[in-house]
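Structure, as structure tokens:
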Amino acid sequence: MTSMEAGSPNEQEIERLLRSLQGIASARVSTDGRGRILAIHILALPTFHPKQVVRNVESAMSAGLGIMLDRRVISVAQMQDGAVFS
């Protein structure tokens, strides 16, 4: 779990950052009542291996928002080649 303090980015801002990463089609962040990140769910294109997607998410959260994550809160579902997402 990771704590977000007052003035830190909200769920929508985090999701927007994650969706901007190459290979990510969709992102959803779940927090508890205190703003701690409980889970990050990623729907990824088959561009990168899921482990690379997790590393990219960790790096983006750290560099872009200053939030350090435990990689166990990140889940990745990967789309198959040829799948359509709109």
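Just so it is clear, none of the values below were taken in a lab; they were calculated from the coordinates. Quick caveat: nothing in here was measured; it's all calculated off a predicted structure. Because the Cβ atoms are built from the backbone with ideal geometry, glycine has one as well, and the counts that use them run over all protein chains shown.
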Expressed in nm to one decimal, what extension gain is obtained for the pair MET68 and GLU13 from 0.36 nm per residue of sequence separation less their Cα-Cα distance? 18.2 nm
In order over region 9-25: 3J(HN,Hα) from phi, Karplus 6.51/-1.76/1.60, θ = phi - 60°, whole Hz, x for each Gly or Pro, gives x, 8, 4, 5, 5, 5, 4, 4, 4, 5, 5, 7, 6, 4, x, 10, 8
Please list, in chain and number order, the residues 5+ apart from SER26 or on another chain whose amide H is under 5 Å from its amide H, with Hs placed from the backbone. LEU43
Can you say what percent of the DSSP beta bridges in region 12-86, counting only those with both residues inside, are antiparallel? Round to 5. 60 percent
Farthest positive-ward along region 14-86 dipole, Cα basis, beta-carbon charges - from ILE24, PHE48, SER75: SER75
